[in-house]
1. Check residue 453 against each of (1) over 26 Å from residue 353 (Cα atoms); (2) surrounded by fewer than 22 Cβ atoms within 10 Å (Cβ to Cβ); (3) within 25 Å of the chain's Cα centre (by Cα) and name the one condition it does not meet.
2. Need at least 2 residues that are surrounded by fewer than 20 Cβ atoms within 10 Å (Cβ to Cβ) per element, so show me which strands (runs of 3 or more DSSP E) inside segment 373-412 make the cut, counting only ones lying wholly within it.
3. Being surrounded by fewer than 22 Cβ atoms within 10 Å (Cβ to Cβ) and closer than 25 Å to residue 245 by Cα is the filter here, so list the residues in segment 413-422 that pass it.
4. Could you list all residues from segment 46-66 that are assigned to a helix (DSSP H, G or I) and either crowded, with 21+ Cβ neighbours inside 10 Å or modelled with pLDDT under 90 (or both)?
5. Out of curiosity, is residue 248 surrounded by 24 or more Cβ atoms within 10 Å (Cβ to Cβ) and modelled with pLDDT of 95 or more?
6. Considering only segment 298-315, state which residues are surrounded by fewer than 24 Cβ atoms within 10 Å (Cβ to Cβ) and in contact with a strand residue (DSSP E or B) (Cβ under 6 Å, 6 or more places away or on another chain).
7. Could you check, for segment 73-84, whether at least one of its residues is assigned to a loop (DSSP other than H, G, I, E, B), on the phi > 0 side of the Ramachandran plot and modelled with pLDDT under 90?
8. Looking at segment 169-177, can you tell me whether even one residue there is modelled with pLDDT of 60 or more, at positive phi and buried (at least 20 other Cβ atoms within 10 Å of the Cβ)?
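The values are calculated or read from the model by the stated rules, or taken from the named source; none is laboratory data. As the structure is a computational prediction, the values presented were derived from the model and not from experiment. Ideal geometry is used to build each Cβ from the backbone, glycine not excepted, and the neighbour counts take in all protein chains shown.
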């Protein structure tokens, strides 16, 4: 099996562009590759999926124990003969100035060789010093090779032999400047792949270029492993689904982990995608509701104008439908939401808060949630790893849970949590704590039984 991890000295080196180019080129070379993204990232995996047409999975050692990470990696590689993992930030950048949950940590746990992506503008020999520092910073370095991004052919011809001589690492190819394949950014990162009209053409251009400019004769043997991928993708669900959970999936609600959805299915859920932007209401058969994060602030007017959907969700919550709402989904359940122009629009109204633009990141990063009482997902005393990443805030964030930064100890109250609801800014990763998925599905199954018994009345 071909497997490797792409890393860089820092963000902005072009890891995502390089990952897409290599994944496309691997397909052209007859491989069936799969992709992974280190860290709690929703957007980069969308680009991987647009190249492959298959699921991309996240690998996060704060949200997931090491043994679970290995299991998730094995499941994600099932049926594939090549695997590319894209790191986050710099190689060693992990939790709060440590290497925990960094790309290096993931590579060490999974025994993956690391290919370092360098953008050489404004440096030459200093690049070699940088590479040697990265190689020697920790013992048993996983660095196996170098790739240059945004590098003209003439510059590559002079840099490659110098870097090999000074670092002892092979330089395995490059991507030249490609304005036709640039990915633009906004407040939460890159524009999503679905928002780029010519994404397929851009991806094909990258793949064709990598076919010519990457030294596949050296890269492939360097990344060949003895690991055997499993024959099946994920654990099969035993028996028929026990509950049906409606999952918001459209441009406004697009931040979902593939592993979270798979974990819900393994817990016995049948997932029912729907669009709060376009559909007139929740699927009538739904026993539970999952509202993930995304960009509701960009679609605040359209979400507001879909009064039928807002009414359907408000009525479902009033009846006690088990509901999980994270970040953007949490904002959608509030009274109103401010758009990018500062105009406020009515939303579902099931929660008391008003969503406002802040102009910067709010409570960014990893945290630990502590439950002080039993609720839909949590049991009293449990501690759950989560992360936050948002530029909008609410004036009523809830007080049912305690969130705490894992290193600094900074803490705050947040969230609405009761036997039928989890609604808060922190994102959950159910694959790391599958018991949360089982509780959600069990509550949805109980709600289904209650509806059949008319405990909550007719849905008509």
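1. Status for residue 453: all satisfied but (3).
2. Values: elements: 383-388, 392-394, 401-404.
Ranges flagged: 401-404.
3. 418, 419, 420
4. Going residue by residue through segment 46-66, those that are assigned to a helix (DSSP H, G or I) are 46-52, 66.
If the condition is that a residue be assigned to a helix (DSSP H, G or I) and either crowded, with 21+ Cβ neighbours inside 10 Å or modelled with pLDDT under 90 (or both), then 46, 47, 48, 49, 50, 51, 52 are the ones that fit.
5. Taking the combined requirement at face value, the residue satisfies it.
6. Those that are surrounded by fewer than 24 Cβ atoms within 10 Å (Cβ to Cβ) and in contact with a strand residue (DSSP E or B) (Cβ under 6 Å, 6 or more places away or on another chain): 301, 304.
7. no
8. Yes, segment 169-177 contains a residue that is modelled with pLDDT of 60 or more, at positive phi and buried (at least 20 other Cβ atoms within 10 Å of the Cβ).
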